[in-house]
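Undergrad: Have a look at this one.
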């Protein structure tokens, strides 16, 4: 079999992929021949379909014919199917076609490069797999009955064997195959000491649980089986879905090996496999919850970094505007003095003293301009702002969440009180930047409070056609000389501050058609407010 990619080039790896898949299928099919139904070979543990699904989702549906080839070779080489050739070929065709269709359904929930990402993905995978395998089991068993290979009274047993065996094999092996790159990446990230500790605890827990289930617990005490959940929970909580899937597979392999070694009857084997499915579902859902939470925490950290970057970039713009404003005056003065010097140079020796003084003034103005220029920093631009509907209440909660660690480090509590969820038309990043500036100022002010509760309160309300935002802290307030010049460039009470945050915030608010001001500053704290018009 030769694969051709989108550019028409021959892919020499395609035959190797097919060979590797067929070999893996036949080997797994061989070792899964435990408690098989006579003649048709359906077993209570059947992992080969997991390889088939993984092949189609990872390498593409052009490999679908390989599923039929592998099924036929498995029947021939392993000898589990002893029916006539024609019914066997029909049965293999139904199974191969069924799992190709199931792979098409799973494609919407599983990404080969990322595996499973959310609880919803896992839930959909489990539901689609359970229903899809049941449909394939009914189709295969029905075909055997219609071809007089299987008595009608054995239809239910055939469906049960097929469904339990294939679902057990898929939920244990398929997540591992799809999440292997993520598991390996996690392995590389972990220090060697953590690997040894976590794998050691899992191994000890698994051995202990298996010992209790098979050597200590009475045969009819099935509840001891749930001890096997403990090592899976440990791995899931520590490392998320990828490692949790591997732990589930290891537990199932250990269970199948012990059941085969101890020669349990088919009824007990089926009961153990139902428990195994339950364990796999619980473990996968737990791992998905942990992975989803880790992803949310990573996204939050990225948003915090982006907010900081955007604030820096916007501050650079305000700094540039302030420099233009500040440097224009000394440049104009320099031009005037230069013109005067040109005139004095033509008046002769009697104007030397005045010329010297004027040149000194030029030097002073040049130095002052140089001091302003030295404050310039190199920043990259973010791009043109994009207006969209924004709920200020939602933006305030986002900013409060992003700054919660900083607030807690200073012993400050951020409270958001929303009395309106009405949207405005604004650039969300810029609106959040305003809130970041005001809330962060409030945190720094409240942190200076020596006793009592330290708090910053953000209140969103609506007054006619405006959304009102009030940011109030209970810090010591601002000194009067600072309060009078709050919105002037480079006015700050912070030792390392640039004095541009409030200026920039006011410019953004005014660009959105609103206004920003300091409502109050006193020994009981500061109160900043801004208003923005409602959409429409």
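The values are calculated or read from the model by the stated rules, or taken from the named source; none is laboratory data. Bear in mind that the values here come from a model prediction, so they are computed numbers and not experimental data. Positions of Cβ are generated from backbone atoms using ideal geometry, with glycine treated the same way; all protein chains shown enter the neighbour counts.
Undergrad: Would you confirm whether or not region 181-193 contains a residue that is in contact with a helix residue (DSSP H, G or I) (Cβ under 7 Å, 6 or more places away or on another chain) and surrounded by 21 or more Cβ atoms within 10 Å (Cβ to Cβ)?
TA: yes
Undergrad: I'm trying to understand the selection: among the residues of region 63-100, which are exposed (fewer than 14 other Cβ atoms within 10 Å of the Cβ) and under 42 Å from the mean Cα position of the chain (by Cα)?
TA: Scanning region 63-100 gives a single hit, 65.
Undergrad: Mind checking which residues of region 106-124 are buried (at least 16 other Cβ atoms within 10 Å of the Cβ), in contact (Cβ under 8 Å) with a residue 24 or more places away in the chain and within 22 Å of residue 64 (Cα to Cα)?
TA: 106, 110, 115
Undergrad: In addition: Which is part of a loop (DSSP other than H, G, I, E, B) and either modelled with pLDDT of 85 or more or surrounded by fewer than 21 Cβ atoms within 10 Å (Cβ to Cβ) (or both), of 421, 444, 371, 417? Working first, answer last.
TA: Working: 444 fails: part of a loop (DSSP other than H, G, I, E, B); 371 fails: part of a loop (DSSP other than H, G, I, E, B); 417 fails: part of a loop (DSSP other than H, G, I, E, B).
Going through 421, 444, 371, 417 in turn, just one is part of a loop (DSSP other than H, G, I, E, B) and either modelled with pLDDT of 85 or more or surrounded by fewer than 21 Cβ atoms within 10 Å (Cβ to Cβ) (or both): 421.
Undergrad: Also: Need the failing condition index for residue 535 against (1) touching a strand residue (DSSP E or B) at 6+ places or on another chain (Cβ under 6 Å); (2) modelled with pLDDT under 85; (3) buried (at least 19 other Cβ atoms within 10 Å of the Cβ), just the number.
TA: (3)
Listed here are the residues, each with its yes/no results for (1) more than 28 Å from residue 40 (Cα to Cα); (2) in a helix (DSSP H, G or I); (3) modelled with pLDDT of 90 or more.
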residue: 139; (1), (2), (3): no, yes, yes
residue: 160; (1), (2), (3): no, yes, yes
residue: 163; (1), (2), (3): no, yes, yes
residue: 181; (1), (2), (3): yes, yes, no
residue: 198; (1), (2), (3): yes, yes, yes
residue: 215; (1), (2), (3): yes, yes, no
residue: 220; (1), (2), (3): yes, no, no
residue: 226; (1), (2), (3): yes, yes, no
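Undergrad: May I pose another question? Among the residues in region 213-229, are any touching a helix residue (DSSP H, G or I) at 6+ places or on another chain (Cβ under 7 Å), closer than 25 Å to residue 110 by Cβ and surrounded by 14 or more Cβ atoms within 10 Å (Cβ to Cβ)?
TA: So far as region 213-229 goes, yes, one or more of its residues are touching a helix residue (DSSP H, G or I) at 6+ places or on another chain (Cβ under 7 Å), closer than 25 Å to residue 110 by Cβ and surrounded by 14 or more Cβ atoms within 10 Å (Cβ to Cβ).
Undergrad: Another question about this same structure. Anything in region 447-493 that is touching a strand residue (DSSP E or B) at 6+ places or on another chain (Cβ under 8 Å), modelled with pLDDT of 85 or more and part of a loop (DSSP other than H, G, I, E, B)? List them, or say none.
TA: If the condition is that a residue be touching a strand residue (DSSP E or B) at 6+ places or on another chain (Cβ under 8 Å), modelled with pLDDT of 85 or more and part of a loop (DSSP other than H, G, I, E, B), then 453, 454, 465, 474, 475, 476 are the ones that fit.
Undergrad: Got at least one residue in region 291-310 being more than 30 Å from residue 396 (Cβ to Cβ) and either modelled with pLDDT of 85 or more or in contact with a strand residue (DSSP E or B) (Cβ under 6 Å, 6 or more places away or on another chain) (or both)?
TA: Here is the first cut: in region 291-310, the residues more than 30 Å from residue 396 (Cβ to Cβ) are none.
Checking region 291-310: not a single residue is more than 30 Å from residue 396 (Cβ to Cβ) and either modelled with pLDDT of 85 or more or in contact with a strand residue (DSSP E or B) (Cβ under 6 Å, 6 or more places away or on another chain) (or both).
Undergrad: A further question on this structure: Considering only region 494-516, how many residues are loosely packed, with under 15 Cβ neighbours inside 10 Å and either assigned to a strand (DSSP E or B) or at pLDDT below 75 (or both)? Give the derivation first.
TA: Our first condition is that a residue be loosely packed, with under 15 Cβ neighbours inside 10 Å; within region 494-516, this holds for 494-497, 510-511, 513, 515.
Pick out the ones that are also either assigned to a strand (DSSP E or B) or at pLDDT below 75 (or both) and you get 494-497, 515.
The qualifying residues number 5.
Undergrad: So is residue 175 in contact (Cβ under 8 Å) with a residue 24 or more places away in the chain and buried (at least 23 other Cβ atoms within 10 Å of the Cβ) or not? Quick ask: steps written out before the conclusion?
TA: Details: in contact (Cβ under 8 Å) with a residue 24 or more places away in the chain: yes; buried (at least 23 other Cβ atoms within 10 Å of the Cβ): yes.
Spelling it out, residue 175 is indeed in contact (Cβ under 8 Å) with a residue 24 or more places away in the chain and buried (at least 23 other Cβ atoms within 10 Å of the Cβ).
Undergrad: Can residue 260 be described as modelled with pLDDT under 90 and either more than 18 Å from the chain's Cα centre (by Cα) or surrounded by 14 or more Cβ atoms within 10 Å (Cβ to Cβ) (or both)? Quick ask: steps written out before the conclusion?
TA: On the way: modelled with pLDDT under 90: yes; either more than 18 Å from the chain's Cα centre (by Cα) or surrounded by 14 or more Cβ atoms within 10 Å (Cβ to Cβ) (or both): yes.
The answer is yes for residue 260.
Undergrad: Those residues that are farther than 25 Å from residue 33 by Cβ and not in a helix (DSSP H, G or I), I need them from region 228-281; list them, please. Explain how you work it out, then say what you get.
TA: Step one: of region 228-281, the residues farther than 25 Å from residue 33 by Cβ are 229-244, 247, 281.
Within region 228-281, just 240 meets the criteria.
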